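Since every read-out is calculated from the coordinates, none of them should be taken as a lab result. Worth saying up front: this structure is predicted, and the values here are computed from it rather than measured. Ideal geometry is used to build each Cβ from the backbone, glycine not excepted, and the neighbour counts take in all protein chains shown.
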Amino acid sequence: MSSADVAARVFRQLEPEDIRVLATIEVDLSRHRFVPEPDIIRLSGLAEKEVKYRLERLSGFGLLYRWIGPYVGYALNMAGYDCLALNALVKAGILESLGKPLGVGKESDVYDALTQSGERVAVKFHRLGRISFRQTRRLRGYLFDRRHASWLYQSRLAAEREMEALKLVYPCGVSVPKPIGHNRHVVVMGIIEGDCLFRITELPSPEEILDEILENVRRAYIGAGVIHGDLSEFNVIINPDWHILIIDWPQYVRVSHPNAEMLLKRDLSNILKFFRRKYGLIRELEETLNYIKRP
Ligand SMILES: Nc1ncnc2c1ncn2[C@@H]1O[C@H](COP(=O)(O)OP(=O)(O)O)[C@@H](O)[C@H]1O
Ligand SMILES: [Mg+2]
């Protein structure tokens with residue numbers, strides 16, 4: 001069961017005091033590997049008895065990791081972090097409920113969800129520096145500390161970057177999911193249908209698909225000044241009308257970035273190689289590069 005499954009299952013049962021305790025631990029994790037119980041009591045502003053009850057409850061839900069060493073301390077696990085983000089998105093009037101998994105990527109879990117106006121959307125939980133609960137049990141000391149602090153930070157950063165990219169390219173008419181909202185490591189976006197380009201066995205008109213991908217790369221480049229940075233057949237979706245969508249934008253760079261040229265070349269070369277290998281379509285990289293950059 002993924003951490004989002006755990007979060008989806010329990011998060012409706014969470015009461016304001018539970019959220020308060022989770023948020024207190026989140027804030028204090030910047031100072032501690034495991035936040036000592038007395039700190040949670042002091043910083044939460046709740047009574048000791050209340051905090052102890054909440055810690056027990058949250059651990060039972062599988063949202064906290066309890067550490068027993070020279071002192072007793074707590075850390076959030078991913079499901080706990082998921083609950084904080086979901087709670088914020090519900091409070092912000094963006095989400096109503098979380099549904100079923102849509103896809104598991106190498107660095108994310110994507111779920112369908114409903115907004116408060118009943119619209120179906122996609123919710124992407126970024127999971128960088130993914131580290132399993134079993135592993136956290138084994139890892140102690142500084143190793144754990146650094147990894148732990150970094151999955152929180154890296155996952156949040158990835159979501160922020162992806163949201164930024166979508167907000168830059170979507171208004172320029174680049175074919176991407178519509179950006180809807182964001183909190184912590186979670187991005188809410190328009191839901192799309194279709195299959196990954198690499199998974200499709202036969203395209204009816206591969207040349208048109210390739211042209212459409214390049215047209216969108218160009219629109220992002222010229223219109224928004226953005227380069228995807230992780231473009232490949234794994235991040236192109238073919239929808240049921242045989243049109244394309246480009247997903248997975250956290251690695252984007254602006255055209256002014258020192259590595260912009262190199263990343264654009266790599267993006268294009270990934271796509272060209274795929275079409276050459278699978279469909280025998282031959283396009284020169286330099287020529288394609290000129291097409292993308294021509295104002
Ligand atoms: N907006 C969306 N609507 C529906 N499914 C999506 C959406 N975004 C991603 N997915 C599904 O989740 C998978 C992983 O998404 P992706 O953004 O590529 O993340 P990762 O960084 O983990 O590769 C995709 O291959 C796709 O199946
Ligand atoms: Mg991907």
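Does anyone have the angle between helix 16-28 and the longest principal axis of the chain? Alpha-carbon axes, 0 to 90°, nearest 10? Taking the Cα atoms of the chain, the angle to 16-28 is about 80 degrees. Close amide-amide hydrogen proximity is noted between Gly99 and Asp112, Ala113, Leu114, each under 5 Å apart and 5 or more residues distant or on a separate chain (H modeled in the peptide plane; Pro and chain starts excluded).
Mean residue ellipticity at 222 nm from the helices of the chain, using -39,500 (n - 2.57) per DSSP H segment of n ≥ 4 over the full residue count, to the nearest 500 deg cm²/dmol?
On the way: 10 runs with 134 residues, N = 295.
Only helices count here, giving -14500 deg cm²/dmol.
For the peptides 233-239, 244-250, the ranking by mean Cβ contacts within 10 Å, running from highest to lowest, is 244-250, 233-239. Computed extension gain for Lys52 through Cys172, at 0.36 nm per residue and net of the alpha carbon distance, reaches 38.1 nm. Compute a Gaussian network model of the chain, connecting alpha carbons closer than 10 Å, and tell me which residue from Ser30, Ser205, Ser108 fluctuates the most. It is Ser205.
Note on the chain: with a GNM built from Cα contacts shorter than 10 Å, the maximum mean-square fluctuation among Ile282, Ile213, Ile191 falls on Ile282. Name the shape class, rounded, prolate or oblate, that the alpha-carbon gyration tensor gives for the range 195-293, where a ≥ b ≥ c are the square roots of its eigenvalues, rounded holds for a/c under 1.5, and otherwise prolate holds if a/b is larger than b/c and oblate otherwise. Here the range 195-293 falls in the prolate category. The label-point distance for Ser205 and Met1, in a model that sets each label 7 Å from Cα toward Cβ, rounds to 4.8 nm. Counted over the chain with a bin width of 10 Å, the fraction of Cα pairs per bin, in whole percents, is 6, 26, 28, 20, 13, 5, 1.
Backbone amide hydrogens, once placed in the peptide plane, bring His182 within less than 5 Å of Val188, excluding anything fewer than 5 places away on its chain.
What is the helix-to-structure angle for 260-279, meaning the angle in degrees between its Cα long axis and the longest Cα principal axis of the chain, kept from 0 to 90 and rounded to the nearest 10? Roughly 70 degrees between the two axes. To the nearest ten degrees, helix 206-218 and the longest principal axis of the Cα atoms of the chain are 60 degrees apart. Phi angles across the range 280-291 convert, under the Karplus curve 6.51 cos²θ - 1.76 cosθ + 1.60 with θ = phi - 60°, into 3J(HN,Hα) values of x, 8, 10, 10, 7, 5, 4, 4, 5, 4, 5, 4 Hz, Gly and Pro given as x. For the residues Ser269, Ser256, Ser232, a GNM of the chain with alpha-carbon springs under 10 Å puts the largest fluctuation on Ser256. When all alpha-carbon pairs of the range 54-135 are counted, what percent fall beyond 19 Å? More than 19 Å apart: 48 percent of the Cα pairs in the range 54-135. Residue by residue, the range 91-104 carries 3J(HN,Hα) couplings of 4, 6, x, 8, 10, 10, 7, 9, x, 9, x, 9, x, 10 Hz when phi is fed to the Karplus relation 6.51 cos²θ - 1.76 cosθ + 1.60 (θ = phi - 60°); x denotes Gly or Pro.
The modelled label-to-label distance for the pair Tyr153/Lys293, using points 7 Å beyond Cα in the direction of Cβ, is 3.5 nm. Net charge dipole, the chain: roughly 1100 debye, given to the nearest 20, about the Cα centre with Cβ charges of +1 for Lys and Arg and -1 for Asp and Glu.
The relative contact order of the range 195-293, computed from alpha carbon pairs under 8 Å that lie at least 6 residues apart in sequence, is 31 percent. Placing pseudo-labels 7 Å out from each Cα toward the beta carbon at Leu281 and Gln116 gives an inter-label distance of 4.4 nm. In this structure, the residue pairs whose Cα-Cα separation is over 20 Å, taken from Lys124/Lys273; Lys178/Lys293; Lys178/Lys278; Lys100/Lys124; Lys124/Lys278, are Lys124/Lys273; Lys178/Lys293; Lys178/Lys278; Lys124/Lys278.
Over all other residues within a Cβ to Cβ distance under 11 Å of Cys172, the charged ones net out to +3, with Lys and Arg as +1 and Asp and Glu as -1. What residues of the range 184-209 lie in the reach of a label at Lys100, counting those whose backbone N is under 20 Å from a point 7 Å from the Cα along Cα→Cβ? Of the residues in the range 184-209, 189-196 have backbone N under 20 Å from the label point off Lys100. Taking amide H as placed 1.01 Å from N in the peptide plane, the amide H of Leu128 sits under 5 Å from that of Ser155, each at least 5 places away or on another chain. Backbone geometry of the range 111-123 corresponds, through the Karplus equation with coefficients 6.51, -1.76 and 1.60 at θ = phi - 60°, to 3J(HN,Hα) couplings of 10, 8, 7, 10, 8, 5, 8, x, 7, 7, 9, 10, 10 Hz, x marking Gly and Pro.
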